[in-house]
Amino acid sequence: QKEVEQDPGPLSVPEGAIVSLNCTYSNSAFQYFMWYRQYSRKGPELLMYTYSSGNKEDGRFTAQVDKSSKYISLFIRDSQPSDSATYLCAIAGNQFYFGTGTSLTVIP
Amino acid sequence: EAGVAQSPRYKIIEKRQSVAFWCNPISGHATLYWYQQILGQGPKLLIQFQNNGVVDDSQLPKDRFSAERLKGVDSTLKIQPAKLEDSAVYLCASRRDGGKLNTEAFFGQGTRLTVV
């Protein structure tokens, strides 16, 4: 069983839509959860991270962790064409375990 | 602060040839990772260093892959001989304090390897 599984997508949404990206993980011991954004031909860059359960908001982005169901989500409000990228969820132990990524395209 | 530097950005080699990638982490970062990212997949850890010691190389195909981090700074990853399935992006990442799990890992741009 993989440490983290991610809804594969791809997703294509109109500009201004709300986007929901989701992952599940297997080990309840993990406590640090991250979302990375990866533009084409670039390395991943950290978008947000959360510790334990709950929500964390940063501008148009909200990261949510539900430890009881081992579910992590990233919501993007008022999506913009510049948000078009691959989004990777990750959980942190001594190393980082990544999901397979969800490709998002926001259409103007 | 300067980011993680990797070179080369792109490399095309024939199968059975050898290739080496170089990584210069962010200054002062003790932990260095090499990840392999195959197209359409998430990054997979190959090897993790803390300073110049190996912490985890359980997923490194040691019959063909090797890595070193001399002096606990720069690192090189080598493949010899390369196979077609090694075609991927090789990402280097560094982290300030390996003992604190909530510190961000910074990624380089990656080296895109194509084996033909």
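The values are calculated or read from the model by the stated rules, or taken from the named source; none is laboratory data. Worth saying up front: this structure is predicted, and the values here are computed from it rather than measured. Don't worry about glycine lacking a Cβ; one is built from the backbone with ideal geometry, like all the others, and counts go over all protein chains shown.
Quick notes
- In the condition set (1) touching a residue at least 40 places away in the same chain (Cβ under 8 Å); (2) outside any strand (DSSP E or B), A:Gly43 is compliant with all but (1).
- Enumeration of residues in segment A:21-36 that are among the hydroxyl-bearing types (Ser, Thr, Tyr) and surrounded by 12 or more Cβ atoms within 10 Å (Cβ to Cβ): A:Thr24, A:Tyr25, A:Ser26, A:Tyr32, A:Tyr36
- Evaluating B:Gln41 against the criteria (1) out of contact with any Leu (no Cβ under 9 Å at 6 or more places or on another chain); (2) polar (S, T, N, Q); (3) over 14 Å from A:Pro44 (Cα atoms); (4) free of Cβ contacts under 8 Å to residues at least 40 places away in the same chain leaves one unmet condition, (3).
- Among the residues of segment B:22-39, those identified as at pLDDT 95 or above and more than 13 Å from chain A (Cβ to nearest Cβ) are B:Trp22, B:Asn24.
- Residue, nearest to the other protein chains (Cβ to nearest Cβ), within segment A:6-40, restricted to residues that are more than 29 Å from A:Asn94 (Cβ to Cβ), assigned to a strand (DSSP E or B) and of a type outside the set (Gly, Ala, Ser): A:Leu11
- Here segment B:40-60 is the region considered, the condition is being more than 13 Å from the chain's Cα centre (by Cα) and surrounded by fewer than 21 Cβ atoms within 10 Å (Cβ to Cβ), and the residue that is nearest to the other protein chains (Cβ to nearest Cβ) is B:Gln41.
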